Structures are given as C-alpha cells and as structure tokens.
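Asker: One structure, as structure tokens, below. Some questions next.
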Amino acid sequence: MQWLAIQTQPLLTARCNLLLTEITMGGTLEHAREIQTMIGEVRNHATVLEFFHLPDVKAWNEMIFISMGDQAHANRNKGGSTGGMVHLVSGPNSVDGWRTWKLKCHAIGSNDAEVQSILEAEDVNFRAHLLWA
C-alpha cells in the first residue's frame, strides 16, 4: 500500500505513513480495518496516471523541475513531526506567474521541521536534475 501511495496515489501517502508508524508501535484490529478501508477506496477510486507531451519543451534541457516541501509539526506519537514533498517536471511556461518576495517581518526564530522538509525537497530536486541530465 505504501509503494502504491508513493508511486501513483498521492492522496494516500499521509494516511499510509501515519498508519505505518502506529502499526510499528503495536498493531490493533482497528489498524487492520483501516488498511482494508484504504484498499477498498483504492479499488473503487484508483488514480490513473496520465503521461502527455509538453508542447513548449523543444529540447531536453528546457525541462523545469519544481519541488515543494511542507511539514506538520508534532502530529505523530511521542511528538514526532511529518514532512512531505511534491515534485513537478514541466516546461518553461511553468515559471510564468511564479514569484518570490521579501517577507515584511524579520524572522527571528527557526522552524526545524519546516526547514528539514524544504531541505529534503531541494535535495530530491537536485537528484531529479542529475537523473534527467
């Protein structure tokens, strides 16, 4: 189920990951029911991957790699946090409308889980670039 979620069913990834953490700390009949429910949902509403040509990409080096990372702080047992990331491969027109800006308030503290999530997303982004090249 975890492999399926990561590879083709992104809406299941958080549920699978949190459930796996709970099961390693002691599985219950309720966990088994949740797994059965998820299997039924996948069978009834499976995501179909679609691959298509990107019309604005004329050469391999025109591909744009975009990575976004986020986190949920202290949402796991024993105060653990969850990180998540999404990676997109697109053409040059994907940067239209994309912008960054200076924040109005000076950040005086760090949010470790947020920084870790963004760092990991950026790391995977560089690996995707390397694989593509």
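The values are calculated or read from the model by the stated rules, or taken from the named source; none is laboratory data. The model shown is predicted, which means the values in this text are computed figures rather than measured ones. In this analysis, Cβ positions are derived from the backbone assuming ideal geometry, glycine residues included, and neighbour counts consider all displayed protein chains. Surface accessibility is based on the protein's heavy atoms, side chains included, excluding ligands, DNA and RNA. Shrake-Rupley method; radii C 1.70, N 1.55, O 1.52, S 1.80 Å.
Asker: Using the crude model of +1 on Lys and Arg Cβ and -1 on Asp and Glu Cβ, and no other charge, please compute the dipole size for the chain relative to its Cα centre, in debye to 20.
Answerer: 140
Asker: Not counting ligands, DNA or RNA, and with a 1.4 Å probe, what is ARG76's accessible surface area in Å² rounded to the nearest 10?
Answerer: 50
Asker: Let me ask something additional. From the helices alone, meaning DSSP H stretches of at least four residues, give me the mean residue ellipticity at 222 nm for the chain, per-run term -39500 (n - 2.57), in deg cm²/dmol to the nearest 500.
Answerer: Result for the chain, helices only: -13500 deg cm²/dmol.
Asker: Leaving out ligands, DNA and RNA, and with a 1.4 Å probe, what % of the accessible surface on the chain is carbon or sulfur?
Answerer: About 61 percent, which is the carbon plus sulfur part of the accessible surface.
Asker: Please work out the average accessible area per residue across the chain, using the 1.4 Å probe convention, and give it in Å².
Answerer: On a per-residue basis, 79 Å².
Asker: Can you work out ³J(HN,Hα) from phi for every residue in segment 46-59, in order, using Karplus 6.51 cos²θ - 1.76 cosθ + 1.60 and θ = phi - 60°, giving whole Hz and x for Gly and Pro?
Answerer: For segment 46-59, the Karplus curve yields 5, 7, 9, 6, 10, 10, 8, 6, 8, x, 8, 9, 9, 9 Hz.
Asker: Enumerate the calculated ³J(HN,Hα) couplings along segment 119-125 in order (Karplus 6.51 cos²θ - 1.76 cosθ + 1.60, θ = phi - 60°), each rounded to whole Hz, writing x wherever the residue is Gly or Pro.
Answerer: Running phi through 6.51 cos²θ - 1.76 cosθ + 1.60 with θ = phi - 60° gives 4, 5, 5, 5, 4, 5, 4 Hz.
Asker: Two decimals is fine: what's Rg over Rh for the chain, C-alpha atoms, Kirkwood radius as Rh?
Answerer: On the Cα set of the chain, Rg over Rh gives 1.04.
Asker: With labels modelled as points extended 7 Å from the Cα through the Cβ direction, what inter-label distance (nm, one decimal) is found for PHE51 paired with ILE23?
Answerer: That separation, rounded to one decimal, is 2.9 nm.
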